[in-house]
Amino acid sequence: MMRTFEPKVLGRRGFLAGLAGAGAAANMPTASLAAAAIPLITRAIPASGEAIPIIGMGTWITMNVGNDPALRADRLKVVQAFFDEGGGMIDSSPMYGSSEAVIGDSLSKIANSRGLFSATKVWTLSQWMGVRQMNNSFDLWGLKRFDLMQIHNLVDWEAHLETLLEWKKEGLVRYIGITTSHGRRHDDLADIMRKQPIDFVQLTYNMLDLEAEDRLLPLAKERGIAVIVNRPFQRGGLFDRFDSAPLPDWAGAIDCSNWAQLFLKFVVSHPAVTCAIPATSRVDHLRQNMAAGRGRLPDAEMRAQMIRYIETL
Amino acid sequence: MIPFSRDVFLDLVAQYNALLWPAQIAALLLGLVVLYFSIRTHDGNSRFPVLIVAVSWLAVGIGYFALHFSTLNWAAWLSAALFVTQALLLVWTGVIRSGFRLHYDNDIASQIGVALLAFAIAGYPLLGLATGTGTAALPIVGIDPGPTVLLTWGFLLLSTTPAPLVLAVIPFIAACVGAAAGWLIDLPADLVLPPAAVAGLWLILAKRRRYRGAAK
Ligand SMILES: NC(=O)c1ccc[n+]([C@@H]2O[C@H](COP(=O)([O-])OP(=O)(O)OC[C@H]3O[C@@H](n4cnc5c(N)ncnc54)[C@H](OP(=O)(O)O)[C@@H]3O)[C@@H](O)[C@H]2O)c1
């Protein structure tokens with residue numbers, strides 16, 4: 001199924017209209033009114049001023065469930081809950097097995113995905129293979145246009161950037177990005193951020209992996225490049241390490257009722273960050289994560305306190 | 001990094017097992033045929049058991065990796081290519097050129113060889129069961145890669161003339177990759193593969209040295 005998109009303005013009205021559509025979808029849970037009452041905080045994409053919710057969703061591992069109908073139905077509930085909660089960006093990649101197909105399948109089955117900010121990647125060698133791969137992603141997602149196409153881990157970035165600049169002019173992609181993960185090729189990425197006309201970078205940043213604060217985040221701010229944060233939970237490692245520890249007393253002051261929200265609020269409160277994309281296979285976790293996009297965010301002083309606290313654990 | 005979770009992987013294996021049922025019974029019987037030919041003391045040619053092992057590699061390469069597992073992991077195509085290559089190598093060496101004969105010699109290599117064969121057929125699924133794979137996702141020789149690789153190591157050790165080294169390369173790689181994946185997604189049964197591969201390779205090399213020494 002092909003899908004067209006209007007420009008995203010994720011105001012409260014648009015979100016509630018989406019929820020009304022969701023009610024019509026058969027066999028779908030009704031949307032959470034509590035979530036609808038308080039829209040997610042948004043951040044502007046520097047290149048355009050367009051606002052997107054600060055919490056999105058990743059798909060590595062969690063959405064790679066193959067063709068199994070039961071597992072797909074299970075993940076459909078997660079995607080449904082994501083939109084019920086006012087979510088926007090979904091990030092995937094051809095590297096993630098069946099994740100793109102599972103997302104495309106879910107999008108074709110739910111009615112309230114109007115807030116979708118579609119983000120995928122090109123991850124292959126050579127321009128020709130890149131074009132093939134990106135065309136395949138259009139089919140898998142059921143889209144005619146991607147909001148964001150990213151060059152995954154800088155693989156053959158010169159070749160793909162050439163294609164993407166052309167595609168942006170033609171309206172096939174709205175924004176261009178480039179991704180990396182923890183500690184990988186940061187020098188090259190910084191160089192690209194300085195010299196190339198990209199709209200987004202995606203990098204790893206979380207309460208234990210703070211390296212991006214030194215150079216990449218300030219550079220993104222300076223150059224007007226939107227920042228997507230991957231691995232905000234360090235692939236779940238933050239829970240393994242801190243989940244059994246007590247939540248600090250002051251967590252309530254920034255509207256956090258669990259560790260997931262504390263981890264996410266730390267990340268998205270950095271002034272250079274546009275959005276974080278935690279991945280989950282569970283609806284309850286998804287709802288916890290989305291709630292981090294509401295309420296008060298920590299200021300610089302509180303952020304420092306958060307780091308000091310986890311250092312004591 | 002593995003792009004899928006343990007649960008999803010086991011679900012995929014369970015689906016595959018269900019799709020092929022009752023081929024598992026035939027696969028286990030063929031495994032026993034290989035075991036029978038391996039321990040029977042005879043000097044006739046071993047084309048039939050070699051063919052069975054080759055078909056197992058082909059079935060796992062095409063059925064398991066290319067047609068089924070590749071939905072979860074693009075790297076399954078590489079495994080498919082390796083498994084098909086091993087099948088072709090087995091056919092070339094053991095069927096077309098009749099490059100080796102199976103024979104139980106009552107030496108350490110033969111003893112370990114038979115133990116590995118028996119473990120591939122019965123021990124692997126039982127270990128899987130004991131470590132939580134569940135009955136639906138039991139790893140079966142000739143159907144799933146782990147026990148097929150193990151069976152091959154046992155089988156190579158039972159060759160009277162030392163097995164051609166070229167036949168040990170892909171099983172060695174497959175043992176390492178399989179165990180690494182098993183480690184990452186918590187499937188302890190697969191951890192038997194590297195010790196078997198190391199012991200197997202060492203014994204094959206020792207046999208080759210002895211054989212060369214005797215030929216001088
Ligand atoms: N180079 C790149 O382009 C690149 C690299 C890395 C990541 N990424 C993108 O970034 C996304 C996020 O990174 P990631 O998936 O590696 O790691 P992550 O989001 O830091 O962590 C995901 C893990 O956290 C768990 N989790 C999620 N919410 C939870 C909650 N509320 N409570 C407890 N556990 C929770 C999930 O398990 P459950 O399923 O049980 O919730 C999952 O195991 C990826 O999915 C991918 O889209 C891109």
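A:R215 meets all of the listed conditions (1) away from the ligand (no atom under 13 Å from the Cβ); (2) in contact with a Pro (Cβ under 7 Å, 6 or more places away or on another chain) but one, namely (2). Does the range B:118-130 contain at least one residue that is buried (at least 21 other Cβ atoms within 10 Å of the Cβ) and within 14 Å of chain A (Cβ to nearest Cβ)? Within the range B:118-130 (the criterion being buried (at least 21 other Cβ atoms within 10 Å of the Cβ) and within 14 Å of chain A (Cβ to nearest Cβ)), the answer is no, since none of the residues qualifies.
Taking first residues from the range A:251-265 that are touching a residue at least 60 places away in the same chain (Cβ under 8 Å) and partners that are outside any helix (DSSP H, G or I) and within 15 Å of the ligand (Cβ to nearest atom), the Cβ contacts under 6 Å between residues at least 6 apart in sequence or on separate chains come to A:L264/A:P232; A:L264/A:A276; A:L264/A:A292. The criterion of at least 1 residues that are within 14 Å of chain B (Cβ to nearest Cβ) and closer than 24 Å to A:V267 by Cα is met by the following helices (runs of 4 or more DSSP H) wholly inside the range A:32-116: A:69-84.
Residues in the range A:169-182 that are touching a Ser or Thr at 6+ places or on another chain (Cβ under 9 Å) and assigned to a strand (DSSP E or B): A:R174, A:Y175, A:T179. Does B:S46 satisfy being away from chain A (no Cβ under 14 Å) and modelled with pLDDT of 95 or more? Against the criterion (away from chain A (no Cβ under 14 Å) and modelled with pLDDT of 95 or more), B:S46 does not qualify.
Just to be sure before I move on: is B:R101 within 19 Å of B:P162 (Cβ to Cβ) and modelled with pLDDT under 90 in the structure I sent? For B:R101, the condition - within 19 Å of B:P162 (Cβ to Cβ) and modelled with pLDDT under 90 - is met.
Screening A:L172, A:L165, A:L140 for residues that are within 14 Å of chain B (Cβ to nearest Cβ) and among the hydrophobic types (A, V, I, L, M, F, W, C) leaves exactly one candidate, A:L140. Out of the range A:195-212, which residues are without any contact (Cβ under 8 Å) to a residue 60 or more places away in the chain and near the ligand (Cβ under 9 Å from one of its atoms)? Once the filter is applied, which keeps residues that are without any contact (Cβ under 8 Å) to a residue 60 or more places away in the chain and near the ligand (Cβ under 9 Å from one of its atoms), the range A:195-212 yields A:L203, A:T204.
Of all the listed residues (B:Y64, B:Y36), the sole one being assigned to a helix (DSSP H, G or I), under 14 Å from the mean Cα position of the chain (by Cα) and aromatic (F, W, Y) is B:Y64. When the range B:16-26 is filtered for residues that are in contact with a helix residue (DSSP H, G or I) (Cβ under 9 Å, 6 or more places away or on another chain) and either surrounded by 17 or more Cβ atoms within 10 Å (Cβ to Cβ) or not in a helix (DSSP H, G or I) (or both), the ones remaining, listed by number, are B:Y16, B:N17, B:L20, B:Q24.
For the range A:123-132, a residue qualifies if it is in contact (Cβ under 8 Å) with a residue 12 or more places away in the chain and either among the aliphatic types (A, V, I, L, M) or farther than 19 Å from A:T180 by Cα (or both), and the qualifying residues are A:L125, A:Q127, A:V131.
Give me the residue from the range A:266-287 that is free of Cβ contacts under 8 Å to residues at least 40 places away in the same chain and within 23 Å of A:T42 (Cβ to Cβ) and, out of that set, farthest from the ligand (Cβ to nearest atom). Only one residue fits best here, namely A:S269.
Number of residues in the range A:155-194 that are modelled with pLDDT under 95 and either away from the ligand (no atom under 14 Å from the Cβ) or under 19 Å from the mean Cα position of the chain (by Cα) (or both): the value is 4. Pairs linking a residue in the range A:51-66 that is within 15 Å of A:A226 (Cβ to Cβ) to a residue that is basic (K, R) and more than 8 Å from the ligand (Cβ to nearest atom), with Cβ atoms under 6 Å and 6 or more positions apart or on different chains, are A:I54/A:R43. Step by step: first the residues of the range A:224-247, then only those that are polar (S, T, N, Q) and in contact (Cβ under 8 Å) with a residue 24 or more places away in the chain, then the one that is farthest from the ligand (Cβ to nearest atom). Which residue is that? Among those that are polar (S, T, N, Q) and in contact (Cβ under 8 Å) with a residue 24 or more places away in the chain, it is A:Q234. Scanning the range B:72-83 for residues being buried (at least 18 other Cβ atoms within 10 Å of the Cβ) and without any contact (Cβ under 8 Å) to a residue 40 or more places away in the chain gives a total of 2. A:W259 satisfies every condition listed in (1) within 14 Å of the ligand (Cβ to nearest atom); (2) of a type in the set (A, V, I, L, M, F, W, C); (3) closer than 22 Å to A:I90 by Cβ; (4) more than 14 Å from chain B (Cβ to nearest Cβ) except (3).
The values are calculated or read from the model by the stated rules, or taken from the named source; none is laboratory data. Note that this is a predicted model, so its numbers are computed, not measured. Cβ atoms come from the backbone with ideal geometry, glycine included; neighbour counts cover every protein chain shown.
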